[in-house]
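Since every read-out is calculated from the coordinates, none of them should be taken as a lab result. If you're wondering where the values come from, they're calculated on a predicted model, not measured in any experiment. Note that each Cβ is placed from the backbone with ideal geometry, even for glycine, and that neighbours are counted across all protein chains shown.
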Amino acid sequence: MSYVATIGEREVTISVEELGGANYKVAIDGAEHVVDAHQVAGQLWSILYRGASFVVDVTQLPTEEYEVLIQGDCHKFTLMNEQRRAMIRAGGKGSAGKAMLTSPMPGKVVKLLVKVGQEVEAGQGVIVVEAMKMENELKSALAGKVKEIFVGEGEVVESGAKLLLVE
Amino acid sequence: MSYVATIGEREVTISVEELGGANYKVAIDGAEHVVDAHQVAGQLWSILYRGASFVVDVTQLPTEEYEVLIQGDCHKFTLMNEQRRAMIRAGGKGSAGKAMLTSPMPGKVVKLLVKVGQEVEAGQGVIVVEAMKMENELKSALAGKVKEIFVGEGEVVESGAKLLLVE
Amino acid sequence: MFRKILIANRGEIAVRVLRACKEMGIRTVAVFSEVDRKALHTRYADEAYCIGPAPARESYLVIDKIIDAAKRTGAEAIHPGYGFLAENPLFADRCEKEKIKLIGPSAYAMRTMGSKTVARKTVQSAGVPVVPGTVEPITTEAEIVRVAKEIGLPVMLKATAGGGGKGMRLVREESELSSSLRMAKSEAKSAFSDDSVYIEKYIENPRHVEIQLLGDQHGNYVHLCERECSIQRRHQKVVEESPSVIVTPEMRAAMGKVAIEAARAVKYEGAGTCEFLVDSKRNFYFLEMNTRLQVEHPVTEMVTGVDIVKEQIRVAAGEKLSIRQDDVKQTGHAIECRVYAEDPERNFMPCPGVVTSLRVPGGPGVRDDSGMYEGFEIPIYYDPIISKLVAWGKDRTEAIARMKRALAEYVVTGVKTTIPFHIRVMNNRHFISGNFDTDFIDKVFFKEEEARELANEEVALVTAAIQVFTEERKRAVAQQPGEAAGPVSMWKYSTRPGIRKIG
Amino acid sequence: MFRKILIANRGEIAVRVLRACKEMGIRTVAVFSEVDRKALHTRYADEAYCIGPAPARESYLVIDKIIDAAKRTGAEAIHPGYGFLAENPLFADRCEKEKIKLIGPSAYAMRTMGSKTVARKTVQSAGVPVVPGTVEPITTEAEIVRVAKEIGLPVMLKATAGGGGKGMRLVREESELSSSLRMAKSEAKSAFSDDSVYIEKYIENPRHVEIQLLGDQHGNYVHLCERECSIQRRHQKVVEESPSVIVTPEMRAAMGKVAIEAARAVKYEGAGTCEFLVDSKRNFYFLEMNTRLQVEHPVTEMVTGVDIVKEQIRVAAGEKLSIRQDDVKQTGHAIECRVYAEDPERNFMPCPGVVTSLRVPGGPGVRDDSGMYEGFEIPIYYDPIISKLVAWGKDRTEAIARMKRALAEYVVTGVKTTIPFHIRVMNNRHFISGNFDTDFIDKVFFKEEEARELANEEVALVTAAIQVFTEERKRAVAQQPGEAAGPVSMWKYSTRPGIRKIG
């Protein structure tokens, strides 16, 4: 089976073939290796790869994003098999010229600094969200007009919640 | 719902009624109390009971036996609801005059000290089982004749495996 | 000695105090907010009482509820931990009125030292050098602009009731003054229920060195040497150590002496800390006195062998200090890394969520003071500190090596933590050489570390691919009719549960 | 210094050595048997090689396989841990031949001290008092009966190559002699691949006190004071502490001096221990010298601040000892409890199985040296030690209180452990007063503790009933057609997986 990982701008192709006994033949962009991969528990793997031992924690986020922890470093990428990727490629992309501001964390909206229809500059503070006693002023990604505000002051929002649309 | 716990020779009746909000009305042999019981994860409970806070780990064994760990003490008992207990009561009991020796741990049979047909005394060593580098001589529970031997020397046995029957 | 103590706090510090009480054979009472029913401190105490909804202003900060819980349970003393009510003189007054012993200094000492402006006056009159700035709180925009011009930018805005970096803002440009004042006041209000803010000259490239003090009711004082807390992010300590690489024995003695004089001036009782700024010429300036147990107290415990929390409790019960100044020896070196539920890759954004798996470091010289457990849902309402990892070594080199080793063992999944950040600090050449100041992280470290490549990317990709591969195969097997579904899955929390919506 | 070290061991001690290497920046190679593929030491090392099937005789004890792994990986040195090949002079010879440095003493020192009979002769000729007994191994039943009559019952049978209570049998009755000889020889064979057994007079009510030694290649020696290991079950240490309550400063100096003389007699290099029996008049008798790292080394590390494993490695690399005798100070008190996978309620029957949940103690003064993890299947093939819990306190009282607190925090489910036993020891009045000998557990403790009632039975029953109640209700809900199955179950390992059948 072949998979494509996307790390930032880069794409890497990984193929996996089972050899039995928890051994797998993998190829990264064509270079082949045998991996001894034991699932210790849940998302925890013990990996013997190219003469070295690794402890790897793989967390799958609700989308096809992965966060992989090795020796304190957190690697982030999306990964999917080739069929699924082809399917998604056939679909559309996000619209340009718009910037949806979403909450980067769960928290509480403390203050709206702009109103619908107001002109804002790129980098201008537009909303203050408090989490864990720290106030965070979130800024507009681009210059434009506030098209819509999805939350009110005092509202508790989840991570990723839509806050405000600038066009 | 009513349950009967058996601790050694004693029997205790416990009734449980849900009050909502993780609160339960329980009665132990008739004495009523309200318990605040939160399941933290798996077998781990946080219990507020009669003015005190307890951390309780409940392990259910394959039978209806329970091992409950509180502050380092391990409580063992069987527990079942009253219907099930009535059902079991209707069934039979084990046969008398026979003693089935089972392995108290997983391990390896190192030596058989008796043969089928041999007379043994109560307390006589009949088999040696090794686990974790310790040899353990298992003894016959009663005097009688070795009726059957279920294992051979060198065999690996699981905990509870039948080893030998004395009649 | 007290028979029962109520701990008016939550998280790692509540657990720390509970442990001390257990070791002293004292019965403990926890108080918890509705979201903390399953929290470690609630479970760990002998008794536990709910004191209201999640927001601290409706639970942990409500004096009436704490007092009520203490009276209902018959607790003879209250340990406030740090934060919340720990430095609130109204709470101290109330405890005194209710004849419940508050484990800490008197309301008078809290008022004097707690109001940083009064504290500055008090120690200045005892001849201790202080940082230039105002002694009165600032309220209007006009006022802040005037004062800033007077003492010159950059300036630091600080909550009068503050601590722990809350309600603090550094201002370098005049244009930032008004928005910073608003933010500082708002944060101060939220954290301390008091929005008073004062202003101080900002000393460039200072190091933050503090002296740990203990005092009893009989006029005895000792200091437990210094801690260096210069590794700060946004003016909040993140790494602390003892001893400090820049403190000489003479300087230690001088700072200790001054700190004890400051404590004596307010008849200080219990554990407290005098914070100093040290400039590049090793001049030190009194910054403030914290009239409570500090987050970073474990590093001092590890190098001196003194259990500071137990000393607090003994002193509160009227006992004399169990140690004299001559008994205090710094042995080896200790470093603390504060583990926060924050994403170091996204500008330390708070990252509440569920701890889906947890593996804690062990072995020699490692101490973990934690408030989390596997399955713990980190609430959004409180400080994001989830653990403090402390390493001891016979010298600084061994302490750093051990901390690196322990951090690599420390695995928390489900939420982002500052562990990867700490690993990078421990590997940073400036940190290793002891060459840093309080701006080091924000100014030097991030610039240097920005371009860093992650190691072992190939392994990360391969493992994720194998995981997806095995899952796809399991699903395929499960869909084949007439076949067994395969071995029982060992997966737990295989997707990250969302944060519960709060009403 | 070495760039790469192979650790020829498993479990907690392999992890301990790996941690030291990591802190020293040395690359590590683990070897593992087929059942240990997922073990902590396999995962924790930088490289890991499989050396064969589960039984130690086919993997961890096979010299060829260890040497082969070292050569394949380019390891310059091998750390043997304790047990397995740690005191095997053939292994030392082979390492020397292959030019791989074995971290430990020379084959000559191992032979002299490892054969306990030769060791007795050697130290006796240096004027050290020894326990009466044979100097030649015993092989026949006739011989054992003759010697036992000669020196008088009770006697102790001991494996010549032994250690850790393996292959040891106390014999009080003549009728038990032959069966005990058979058992001891068989155990010795299984544990050390050598069934030689010797006999010693059994001293009644002795205390077991030992001296930790370090020696380098340059003729320097230090001792790190004593450990008391009198709390034994079936002649196996279960609780160790430092200092010993019966050792006076004069006695400490005398024992240390004798121990160093014994080490000097064999040009001892690395870490070693001289064990002594101390009678009720505080006379001490040389018992044996262990030419390896000991299980209980952490208590010495906690009171002296010396990392014994790192010293072993430095000394093996040719460095001089980093400490002199004057630098060695005992500070405070440390206690170790060995956590075994055994059922204390069923006569300490070994209890392998799967660790279904694990919560490790934290906070001040606590050290956990563990070889287990959540989900770990404890193999039946090896020693049942799964962890060592060590507590430090400023004095013995604080160390005991802290150990009690830490033991109460330590939760292992899925397998029985000795944790409940240790809690009872820490609460026992004889242990607290320091009044015990090596027979204390088997003779006094169990008799006193037998009738003990468990606390909190009511809570245990209520919680189990509520758990059954909620499960029954969940099942009922799930069976109702057209209804959702309720919230996702957080249950993991809800039944105890059986032990895998081995072919």
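Placing unit charges on the Cβ atoms of the charged side chains and taking the dipole of chain D about its Cα centre, the candidate lying farthest along the positive direction among D:Gln232, D:Ala341, D:Ala30 is D:Ala30. Taking each residue in B:74-81, count the Cβ atoms of any other chain within 10 Å of its Cβ, then average. What number comes out? Partner Cβ neighbours, averaged per residue: 5. Among D:His235, D:His223, C:His430, sorting on how many other beta-carbon atoms sit within 10 Å of each Cβ, with the fewest leading, yields C:His430, D:His235, D:His223.
Counting lysine pairs in the stretch D:267-333 whose alpha carbons fall under 22 angstrom apart, excluding pairs fewer than 8 residues apart on the same chain, gives 5. The value of relative contact order for the stretch C:230-307, using C-alpha pairs under 8 Å at least six residues apart, is 23 percent. With R₀ fixed at 60 Å, the C-beta to C-beta distance from C:Thr248 to C:Asp68 puts the FRET efficiency at about 0.75. Taking every residue in B:54-63 and counting other chain Cβ atoms within 10 Å of its Cβ, the average works out to 6. A crude spin-label estimate for the pair B:Met87 and D:Glu141, with each label 7 Å from Cα along the Cβ direction, gives 5.5 nm.
Remark: the D:Lys99-D:Glu204 segment gains 33.2 nm on full extension, using 0.36 nm per residue and subtracting the alpha carbon distance.
Adding -39500 (n - 2.57) for every DSSP H run of four residues or longer, then dividing by how many residues chain A holds, sets the calculated 222 nm ellipticity at -1500 deg cm²/dmol. Highest-first packing order for the peptide set A:150-160, D:30-40 is D:30-40, A:150-160, based on the mean count of other beta carbon atoms within 10 Å. As a rough guide to protection, the peptides C:260-271, C:433-444 ranked by mean Cβ packing within 10 Å, highest first, stand as C:260-271, C:433-444. Multiplying the residue separation of D:Glu449 and D:Glu173 by 0.36 nm and subtracting their alpha-carbon distance yields 96.7 nm. Overall, chain D carries a charge dipole of about 860 debye about its Cα centre when +1 sits on the Cβ of Lys and Arg and -1 on the Cβ of Asp and Glu, all other atoms neutral.
Summing charges over neighbours of C:Met1, with a neighbour being any other residue whose Cβ is under 14 Å away from its Cβ, gives +4 when K and R count +1 and D and E count -1. Inter-copy label distances for C:Gly318: 6.7 nm (label point placed 7 Å from Cα along Cα→Cβ; shortest first). Cross-link pairs exceeding 18 Å between alpha carbons, from the set D:Lys237/D:Lys388; C:Lys166/C:Lys237; D:Lys149/D:Lys201; C:Lys38/C:Lys189: C:Lys38/C:Lys189. This model, with +1 at the C-beta of Lys and Arg and -1 at the C-beta of Asp and Glu, gives the stretch C:198-239 a dipole about its Cα centre of some 260 debye. Normalised by the number of residues in chain A, the average gap of Cα pairs under 8 Å and 6 or more apart makes the relative contact order 16 percent.
The charge dipole of the protein assembly as shown, taken about the Cα centre with unit charges on the Cβ atoms of Lys, Arg (+1) and Asp, Glu (-1), comes to about 560 debye, rounded to the nearest 20. A dipole drawn for chain D from +1 and -1 charges on Cβ atoms has a positive end, and of D:Met251, D:Val145, D:Ile323 the residue lying farthest that way is D:Ile323.
Pairing the Cα long axis of helix C:11-24 with the longest principal axis of chain C, what angle in degrees results, from 0 to 90 and rounded to the nearest 10? That helix lies at roughly 70 degrees to the long axis. Would the stretch D:289-329 count as rounded, prolate or oblate if I go by the C-alpha gyration tensor, calling it rounded below 1.5 in a/c and otherwise prolate when a/b exceeds b/c, oblate otherwise? Oblate shape, in that a/c is at least 1.5 and b/c is the bigger or equal ratio. Angle of helix D:457-479 to the longest C-alpha principal axis of chain D, folded into 0 to 90 degrees and rounded to 10: 50°. Model label points for D:Lys121 and C:Glu34, set 7 angstrom from Cα along the Cα-to-Cβ axis, are 8.2 nm apart. Partner shielding of D:34-40 amounts to 3, given as the average count of beta-carbon atoms from other chains within 10 Å of each residue beta-carbon. One chain, two ends: C:Ser280 and C:Arg346. Fully extended at 0.36 nm per residue, the span grows by 20.6 nm beyond their Cα-Cα distance. Placing a label point 7 Å from the Cα of C:Glu34 along the Cα-to-Cβ direction, the distances to the matching points in the other copies come to 5.7 nm, shortest first.
Ranking B:Pro106, B:Leu44, B:Leu79 by Cα position along the charge dipole of the stretch B:1-127, where only Lys, Arg, Asp and Glu carry charges on their C-beta atoms, puts B:Pro106 farthest toward the positive end.
Treating the angle as unsigned and between 0 and 90°, give the value, to the nearest 10°, between the Cα long axis of helix D:63-73 and the longest Cα principal axis of chain D. Once rounded, the angle reads 80 degrees. By the count of neighbouring beta-carbon atoms within 10 Å, fewest first, C:Ile246, A:Ile70, B:Ile149 end up ordered C:Ile246, B:Ile149, A:Ile70.
Computed on chain C, with alpha-carbon pairs under 8 angstrom and 6+ residues apart, the relative contact order is 13 percent. Please list, by residue number, everything in the stretch B:61-89 whose backbone N is under 20 Å from a paramagnetic label point 7 Å out along Cα→Cβ of B:Ala27. Under cut-off, by backbone N: B:80-86. Using the average count of surrounding beta-carbon atoms within 10 Å as a protection proxy, the listed peptides C:337-350, A:19-32 rank, highest first, as C:337-350, A:19-32.
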